[in-house]
Amino acid sequence: MDHFQYKDGVMHAEDVALPRIADEVGTPVYVYSTATLKRHFRVFREAFARINPLICFAVKANSNQAVLTTLAREGAGADVVSLGELMRALKAGIPGERIVFSGVGKTDEEMEVALNANIKQFSVESEAELEALNSVAARLGKIAPVSIRVNPDVDAMTHAKISTGKSENKFGIAWQKADAVYARIGELANVKAVAVNVHIGSQLTKLEPFKEAFIRVIALVRDLRAKGHDITHIDLGGGLGIPYAPDAEVPPAPSAYGEMIQEVMGDIDCDIILEPGRLIAGNAGILLSKTIYEKRGENRTFYIIDAAMNDLTRPAMYDAYHAIAPVNEPQANDPVVADFVGPVCESSDVFAKDRKTAPLKRDDLVVIKSAGAYGAVMASTYNSRPLVPEVLVDGDRFAVIRKRQSLEDLLALDALPSWLSDDED
Ligand code: LLP
């Protein structure tokens, strides 16, 4: 359930009519709902009431500090993958003890800052990274808490570009090799094994692949404990999917996911970390856009809107489906079939093909739904389009939480070399 609904014929975000935001901030603009963010976080937490996990929001899904602060106040931790994300999480008030650091290419600098922040766990993805982490920790006189991210070689049955748990993917260490790597941790002075972690992919719509992976991880934890490693927790990653299309398969509810996890854990006495991203933020945000033109082609109608693939790249990159709805509630039942496209000069700048929609005219507002995760964070300035702004709604108030990049700022990032400047002698 989300809080983007029609009221008196106009779509609102909570109690704010979207045309108000379009008037004050312009379009395109991302709009997030505080109530939906909180609701998703609470529903997820309640699905695990018995095991009381540490829920580390995957910052890559939506890294706006207002969003992170909202979740931090609900008790969220953070799963970060770069120095930038780590700094955002810390600035949002998430303490180091609630931060886990994932990613295959952590640099010495990133490790150093994370060690100084006393983070909960480094999710180590290769032997080379383990050695590097040990060296950085030794230099700082610290002991790094390590979890090995195991690659369980499980097919997540999701889009190939968001699958991470097969042996051909770059992520994690083959689960058959994990034993040897934990043995190596025992030999190194400045790393300590505290956990095992796994993340097999994103937008999963079935429980079975999770279950298969988690069973492997739990067996490994039992084995490692028997060998004397003090494994205190298991990090089961993120990945639970959300409903994007009205007629698509409905992903399992968080409660079913929670029950499955409690079942596979059995009597193992271990703390649990989870890293949901999309499930919390995806349906808590929309991209608000405006129709620029209607264009009638040979045999199709295009609605050219002012948002484009640089603002929301998921359809172009993953063939992702996003529902699109007019802000003014359609009255008559006379839908047309049209393609929604952006102004960018790429054939892949298409948000929807052959979509049934109420007819639109110039300046009509539309929303692209389910855009709160992997939306603004993946935006670029392609075609010299400034980065899109973000707005957070809370009840009947709203605030700009990232302002629209100005063209001046965008252009000022470039610099002319001396030999091309007019003022060179
Ligand atoms: N933990 C790790 C280690 C991850 O790599 C990810 C996502 C997550 C947690 C969160 O997964 P979630 O709960 O959000 O599914 N840009 C793509 C998604 C890439 C996901 C990458 N890793 C998209 O727009 O579909």
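What GluC sites (Glu not before Pro) in the range 259-323 are in a loop by DSSP, with at most 11 other Cβ atoms within 10 Å of the Cβ?
Details: sites: Glu259, Glu263, Glu294, Glu298; in loops: Glu298.
Taking the range 259-323 and a limit of 11 other Cβ atoms within 10 Å, the loop GluC sites (Glu not before Pro) found are Glu298.
Taking H placed 1.01 Å from N in the peptide plane, check which residues at least 5 places from Met309 or on another chain put their amide H under 5 Å from its amide H.
Excluding prolines and chain starts, which carry no amide H, the hits are Gly342, Val344.
Let me have the 222 nm mean residue ellipticity of the chain computed from DSSP H runs of 4+ only, each contributing -39500 (n - 2.57), with the sum over all residues rounded to the nearest 500.
Details: 12 runs with 118 residues, N = 425.
Here the helix-only value at 222 nm equals -8000 deg cm²/dmol.
Return the aspartates and glutamates within reach of Lys295: Cα separation strictly under 17 angstrom, same-chain partners fewer than 8 residues apart disregarded; answer none if there are no such residues.
Leaving aside aspartates and glutamates fewer than 8 places away in the same chain, those within reach of Lys295 are Asp306, Asp339, Glu346, Asp349, Asp354, Asp363, Asp364.
Do any trypsin sites (Lys or Arg not before Pro) in the range 281-315 lie in a loop, going by DSSP, with at most 10 other beta-carbon atoms within 10 Å of their beta carbon, and if so which? Write down the numbers at each step before the final one.
Numbers: sites: Lys290, Lys295, Arg296, Arg300; in loops: Arg300.
The qualifying sites: there are none.
Give Lys38/Lys166; Lys106/Lys192; Lys106/Lys206; Lys170/Lys211; Lys120/Lys166 a once-over and call out the pairs whose C-alpha atoms are over 23 Å from each other.
In this structure, Lys38/Lys166; Lys106/Lys206; Lys120/Lys166 lie more than 23 Å apart at Cα.
Measure nothing but the geometry: give the 0 to 90° angle between the long axis through the Cα atoms of 178-187 and the longest principal axis through the Cα atoms of the chain, rounded to 10°.
60 degrees
First compute the accessible area of the chain with a 1.4 Å probe, then give the percent of it belonging to carbon and sulfur atoms.
On the way: 9380 of 18970 Å².
Percent of accessible area from carbon and sulfur atoms in the chain: 49.
Could you compute how much accessible surface His12 exposes when probed at 1.4 Å, giving the result in Å² to the nearest 10?
My reading of the accessible area for His12 is about 30 Å².
List the lysines whose Cα sits under 20 Å from the Cα of Lys403, skipping any in the same chain fewer than 8 residues away.
The reachable lysines, counting only those whose Cα sits under 20 Å from Lys403, are Lys60, Lys91, Lys290.
The values are calculated or read from the model by the stated rules, or taken from the named source; none is laboratory data. Fair warning: this is a prediction, and the values are worked out from it, not measured in the lab. Cβ coordinates were reconstructed from backbone atoms using ideal geometry, including for glycine residues, and neighbour counts include every protein chain displayed. To get the accessible areas, we keep the full protein, side chains included, count just its heavy atoms, and leave off ligands, DNA and RNA. Shrake-Rupley method; radii C 1.70, N 1.55, O 1.52, S 1.80 Å.
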